[in-house]
Amino acid sequence: MEEEVRLMKGNEAIAHAAIRYGCDGYFGYPITPQSEVLETLAELMPWDTTGMVVLQAESEVAAINMVYGGAATGKAVMTSSSSPGVSLKQEGISYLAASELPALIVNVMRGGPGLGTIQPSQADYFQATKGGGHGDYRLIVLAPATVQEMTDFVGLGFDLAFKYRNPAMILADGIVGQMMEKVVLPPFRPRRTEEEIRQQCPWAACGRGKRDHRNVITSLELDSAKMEVNNLRFQETYRRIEENEVRFQEYFTDDAEYLMVAFGSVARICLKAIEDARARGIKVGLLRPITLWPFPTKEIARLSEKVRSILTVELNAGQMIEDVRLAVDGRVPVSHFGRMGGIVPNPGEVLEALEKLTVNK
């Protein structure tokens, strides 16, 4: 089946894209504002068409460990949740990273801490980009700003996860999960055969087959010297990801005297604020990180050499600003504007925050 144009929510797009990618299994648990992912998969019943397994687990902990088991056999498996649910999955995510297993995790963020609110937030940035579980590990983190990107990042996330044998996360705020937009759904890809999995994933624990040994998947290594070797291998993988997979978009940066940095739906709000600012003669541009990890450090450092100051705009108390400040390395002032508790700023508020910087200059 060819590409198809539809109008749908971001969460619904995740479900459609997973089926069309050839995903082998989804294991999840309902929580607002991402429940439509599981609901849409249940409505579409892909087990009758592509053979994809869809299972509502008894808990978030159960779901992520089902993902661990599926990933260990080389299958393309995924889960989705929202902030408190992803917190419950952190141990399993750490196990996936330590076992060098590809998997896709979707977090449609809501306000916290704790159970917080069902309204949108970007306050899981630290958790996603700094390693929410224990140990020295990283996730590949993609931040969609449109329903189309929610669709596209399913395939991209899986491809990157398998390329580097490392879990990938789609980190979307609740706005992108709930908004409806036109989306172009990709063509259907057939699920891989068992033989294809054996060829593409020689590490997988999918039976001995023609091998003369059994593959063993584990995150446990009691020999400290061997465990250090494992960790060094992980760090080398992360260096390769940083070298090859940084993604971002720039807007109006050629002549910018001021720079905004924002991701997800907030970047769209910033674009309207930039339009209004330029109408007032304020030359401001935007850098939107698409990969929150690896972070576009070099690009922000380059832009910091030509602007007077930088404003990060986030739906949190100020988290990405730390990575921006590290990239800037003191060359120019870096400020933060954000709202919390599920309150979304309007372009006028962002413009007001920007104007304060220009007055101070």
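Tabulated data
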read-out	value
Search result, residues across region 153-191 that are under 26 Å from Tyr137 (Cβ atoms) and among the aliphatic types (A, V, I, L, M)	Val154, Leu156, Leu160, Ala161, Ala168, Met169, Ile170, Leu171, Ala172, Val176
Condition met for Tyr26 (under 21 Å from the mean Cα position of the chain (by Cα), open to solvent by less than 30 Å² (accessible area, probe 1.4 Å) and aromatic (Phe, Trp, Tyr))	yes
Which listed residue, of Ala262, Ala256, Ala273, Ala277, is closer than 30 Å to His336 by Cβ, without any contact (Cβ under 8 Å) to a residue 60 or more places away in the chain and in contact with a helix residue (DSSP H, G or I) (Cβ under 6 Å, 6 or more places away or on another chain)	Ala262
Residue within region 184-195 that is assigned to a helix (DSSP H, G or I) and at pLDDT below 95 present	yes
Restricting region 128-162 to residues that are assigned to a helix (DSSP H, G or I) and acidic (Asp, Glu), the residue that is farthest from Gly174 (Cα to Cα)	Asp159
Criterion: touching a residue at least 24 places away in the same chain (Cβ under 8 Å), open to solvent by 40 Å² or more (accessible area, probe 1.4 Å) and aliphatic (A, V, I, L, M) - qualifying residue of Leu115, Leu185, Leu160	Leu115
Candidates Gly135, Gly85, Gly69, Gly74 - the one that is modelled with pLDDT of 95 or more and on the phi > 0 side of the Ramachandran plot	Gly74
Residue count for region 29-41, restricted to those that are open to solvent by 50 Å² or more (accessible area, probe 1.4 Å) and either free of Cβ contacts under 8 Å to residues at least 40 places away in the same chain or in contact with a Phe, Trp or Tyr (Cβ under 8 Å, 6 or more places away or on another chain) (or both)	2
Some residue of region 80-90 being under 13 Å from Pro167 (Cα atoms), touching a residue at least 40 places away in the same chain (Cβ under 8 Å) and surrounded by fewer than 24 Cβ atoms within 10 Å (Cβ to Cβ)	yes
Matching residues, region 131-147, being open to solvent by 10 Å² or more (accessible area, probe 1.4 Å) and in contact with an Asp or Glu (Cβ under 7 Å, 6 or more places away or on another chain)	Gly133, Thr146
Conditions (1) within 26 Å of Glu195 (Cα to Cα); (2) outside any loop (DSSP other than H, G, I, E, B); (3) open to solvent by less than 10 Å² (accessible area, probe 1.4 Å); (4) not basic (Lys, Arg): number failed by Gly74	(2)
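Results for (1) out of contact with any helix residue (DSSP H, G or I) (no Cβ under 6 Å at 6 or more places or on another chain); (2) under 25 Å from Pro187 (Cβ atoms), shown as yes or no for each residue.
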position: Val5; (1), (2): yes, yes
position: Tyr29; (1), (2): no, no
position: Leu44; (1), (2): yes, yes
position: Thr49; (1), (2): yes, yes
position: Val53; (1), (2): yes, yes
position: Ala63; (1), (2): yes, no
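The values are calculated or read from the model by the stated rules, or taken from the named source; none is laboratory data. Remember, predicted model here, so these are calculated numbers, not experimental data. FYI the Cβ positions are ideal-geometry reconstructions off the backbone, even for glycines, and counts take in every protein chain you see. Just so you know, the surface numbers come from the protein's heavy atoms only, side chains and all, with ligands and any DNA or RNA stripped out. Shrake-Rupley method; radii C 1.70, N 1.55, O 1.52, S 1.80 Å.
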